[in-house]
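First comes the structure, then the notes that go with it.
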Amino acid sequence: ALERVRQWVPMAILRVRAPVAADHPVKNPKAVPMHYLGCLIGITWLQQMLNNFAWVPLTAYAISLELDTAIIGSLFAAHVGIRAVPNLVVARWGAESEFPMMFAATAGSIAAFYFPTSLWALFGFAAGVGLAFTRGCVTLHTQALCDGDVDLLGRVSRQCGMARLSADVLGFVIPPLIYELSGWGGFMLFSAALPLLYCILAVPLHRRAHVKEAAPLATEKQQSSPLWIDWVMGAAFVGAELQGYLLNAAVPTALAHGYGLPAPQIGAVYAIGCLIAFTYLWTLPYFPRRLRKHRPLNAMMTYFGLTVAWLLMAFALAVPLPAPAFIVFLFFFIAMANASMVVLLECIMGVGDEKSTAKVVGISEVWGCLLGMCINYGGGALLDLGIQAPFLAAAFLSLVSSVGLALALGRRRMEVERDPAHGAGGPELGSRSGALAMAGLRMIVDRAEDFIRQELAYRRKGTSGGAGDIEGAVLPAACDAKVVEAGAAEGFDGAGDASDEPPRAEDGAGDIEAAVLPAACDDKGVEAGAAEGFDGAGDAS
């Protein structure tokens with residue numbers, strides 16, 4: 001009994017302090033030095049702060065100068081539209097492009113400090129802050145810092161998501177307070193300091209020499225050209241962003257005109273929503289095992305949650321329900337949007353190298369910026385049709401996006417399962433694509449296999465094994481990376497979440513090769529037959 005107590009107490013303490021690590025141990029976990037992780041979280045926070053901090057002070061200052069509303073609208077159009085430039089640049093030159101962009105932001109703030117009433121200086125400030133939209137560079141830094149550790153990527157991505165949410169909360173509090181206390185000049189000094197601080201924190205990450213040399217996680221060769229599923233993930237990420245833009249255009253009007261909330265209370269509602277989403281991401285690893293799904297199932301569930309949130313908000317306005325009910329549905333949307341964006345970014349970073357990630361994130365964000373301008377104007381136009389119109393339109397677009405993402409992931413799953421000998425390109429599935437996509441979705445739901453690990457193993461086969469090489473093209477990645485598959489078989493899905501599938505240990509829990517590796521390692525003939533088109537259940541592929 002004393003021996004059992006001695007063994008149980010340390011494990012109980014570990015479960016309280018780090019339940020994921022205690023329940024699902026991983027061999028030789030990588031540790032990131034805290035000062036590098038602090039720099040990454042710092043530039044993530046600063047980049048998100050630079051996205052939002054100019055809206056309220058610039059509007060107030062433009063009104064104090066008695067500028068026309070058309071000019072104010074042009075200022076913000078320039079601010080949003082020029083965000084396409086840093087995304088194009090990062091797709092071409094990588095993370096090093098963040099330095100000229102931040103210097104341009106500082107230059108715009110200095111110009112507006114010395115020429116506070118000149119219209120060209122105000123446009124320079126708005127455009128300069130728009131050039132500080134360097135999310136693609138931050139994504140490359142995150143990918144480089146994790147350097148091959150899929151589990152670490154999940155944890156760091158979640159921490160960066162929390163940093164963005166805290167910046168969203170403070171971005172609508174600190175800048176207006178500085179403008180109120182020190183005027184336009186003090187706000188411009190604050191604005192000039194943020195990009196410089198970003199550059200200071202980014203220097204150690206560049207000196208670490210991983211951004212330029214980052215390889216795909218757990219792969220031996222780089223593939224600089226993104227695959228079609230990478231573009232789908234990028235489009236889904238931008239789709240979640242665009243829904244956020246539409247939310248910002250529609251919700252303040254709904255709260256003000258539909259429920260009579262004053263502007264300060266509307267800002268407080270947004271801040272509380274971001275805090276709730278922050279808490280959700282923070283406590284996610286501590287959720288019960290059945291509530292933590294593996295990639296990409298968690299991405300599909302949170303993305304579909306956006307559609308549910310839009311429909312609930314539209315229903316609350318149509319009935320109408322009391323304001324607290326509408327606000328709860330708004331909080332649900334904010335939490336689901338941030339969670340889905342975190343997972344989608346994990347998938348994009350996890351399966352690509354530096355060049356392909358920069359291309360996918362950069363070009364996707366370019367389209368996001370251009371479409372965001374249209375949505376900001378379109379949301380206001382839809383309000384003329386009724387207060388529920390933007391919410392119903394957003395629900396329809398969100399539903400189409402969710403279904404498209406799910407079908408694409410199902411199709412990709414079947415490509416990986418049915419014909420690994422084709423390599424990274426995948427086979428042509430023809431007219432049965434819809435049925436095969438549904439079959440792939442059932443496999444995603446039934447099997448707790450991580451998307452990133454599966455993609456990496458599949459792409460590695462495409463570059464290392466030919467169609468006639470059974471061992472290189474048919475055997476699963478467990479034959480090449482037993483430790484990774486051992487973790488998956490023990491119930492660890494690669495994102496800090498425990499899978500629902502129990503460990504397979506028919507031949508003894510301590511024998512990794514016998515209990516973890518699938519039958520392909522013992523009976524190559526069966527898997528060779530599967531590669532030739534026989535799926536093992538009596539049906540020809």
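Taking each residue of region 224-250 that is outside any helix (DSSP H, G or I) and looking for partners that are modelled with pLDDT of 85 or more and open to solvent by less than 20 Å² (accessible area, probe 1.4 Å) with beta-carbon atoms closer than 7 Å, six or more apart or interchain, yields Pro226/Val360. Is it the case that region 95-109 has a residue that's among the acidic types (Asp, Glu), modelled with pLDDT under 90 and within 25 Å of Ala144 (Cα to Cα)? So far as region 95-109 goes, yes, one or more of its residues are among the acidic types (Asp, Glu), modelled with pLDDT under 90 and within 25 Å of Ala144 (Cα to Cα). Of all residues in region 267-317, those satisfying the criterion of being without any contact (Cβ under 8 Å) to a residue 60 or more places away in the chain and of a type in the set (S, T, N, Q) are Thr279, Thr283, Thr302. For region 336-345, filtering for residues that are open to solvent by 10 Å² or more (accessible area, probe 1.4 Å) and over 15 Å from Leu405 (Cα atoms) leaves 3.
Only one entry of Leu58, Leu14, Leu75 meets the criterion of being at pLDDT 85 or above, outside any loop (DSSP other than H, G, I, E, B) and out of contact with any strand residue (DSSP E or B) (no Cβ under 9 Å at 6 or more places or on another chain), and that entry is Leu58. Does Ala271 satisfy the condition of being aliphatic (A, V, I, L, M), in a helix (DSSP H, G or I), more than 20 Å from Ala389 (Cβ to Cβ) and in contact with a helix residue (DSSP H, G or I) (Cβ under 8 Å, 6 or more places away or on another chain)? Here the answer is yes, as Ala271 does meet what is asked.
Leu330 meets the conditions (1) modelled with pLDDT under 85; (2) within 16 Å of Ala268 (Cα to Cα) in every case but one. The failed one is (1). Farther than 29 Å from Leu275 by Cβ, touching a Gly at 6+ places or on another chain (Cβ under 9 Å) and of a type in the set (S, T, N, Q): is that true of Thr117 in this structure? Criteria not met by Thr117. When Glu66 is tested against the conditions (1) open to solvent by 30 Å² or more (accessible area, probe 1.4 Å); (2) not in a loop (DSSP other than H, G, I, E, B), the lone failure is (2). Of the residues Cys146, Cys160, Cys137, the single one that is modelled with pLDDT under 85 and not basic (Lys, Arg) is Cys146.
Within the set Gly380, Gly372, the sole residue that is touching a Lys or Arg at 6+ places or on another chain (Cβ under 9 Å), closer than 20 Å to Gly239 by Cα and either modelled with pLDDT of 75 or more or open to solvent by 10 Å² or more (accessible area, probe 1.4 Å) (or both) turns out to be Gly372. Scanning region 113-170 for residues that are outside any helix (DSSP H, G or I) and crowded, with 23+ Cβ neighbours inside 10 Å yields Ala132, Phe133, Thr134. Here is the figure for region 243-285: residues that are among the small types (Gly, Ala, Ser) and closer than 23 Å to Leu399 by Cα total 6. Just one of the listed residues (Ile348, Ile363) is in contact (Cβ under 8 Å) with a residue 60 or more places away in the chain and open to solvent by 20 Å² or more (accessible area, probe 1.4 Å), and it is Ile363.
In region 233-250, the qualifying residues are those that are within 11 Å of the chain's Cα centre (by Cα) and of a type outside the set (Gly, Ala, Ser), and the one that is farthest from Met373 (Cα to Cα) is Met233. If you go through region 281-311 and keep only what is under 19 Å from Val403 (Cβ atoms) and surrounded by fewer than 20 Cβ atoms within 10 Å (Cβ to Cβ), you end up with Met301, Phe304, Gly305, Val308, Leu311.
Open to solvent by less than 30 Å² (accessible area, probe 1.4 Å), more than 19 Å from Arg164 (Cα to Cα) and of a type in the set (A, V, I, L, M) - does that describe any residue in region 48-59? Within region 48-59, one or more residues are open to solvent by less than 30 Å² (accessible area, probe 1.4 Å), more than 19 Å from Arg164 (Cα to Cα) and of a type in the set (A, V, I, L, M). Taking the criterion of being surrounded by fewer than 18 Cβ atoms within 10 Å (Cβ to Cβ) and closer than 30 Å to Lys359 by Cβ, the only residue of region 245-275 that qualifies is Asn248. Would you confirm whether any residue within region 34-49 is of a type in the set (A, V, I, L, M) and at pLDDT below 85? The answer is yes; a qualifying residue exists. Criterion first (modelled with pLDDT under 85 and open to solvent by less than 20 Å² (accessible area, probe 1.4 Å)) does Leu405 satisfy it? Against the criterion (modelled with pLDDT under 85 and open to solvent by less than 20 Å² (accessible area, probe 1.4 Å)), Leu405 does not qualify.
The values are calculated or read from the model by the stated rules, or taken from the named source; none is laboratory data. The structure presented is a predicted model; accordingly, all values stated were derived computationally and were not measured. Every residue, glycine among them, receives a Cβ derived from its backbone with ideal geometry; neighbour counts consider all protein chains shown. For the accessible areas, the whole protein counts, side chains as well, though only heavy atoms, and no ligand, DNA or RNA atoms are used. Shrake-Rupley method; radii C 1.70, N 1.55, O 1.52, S 1.80 Å.
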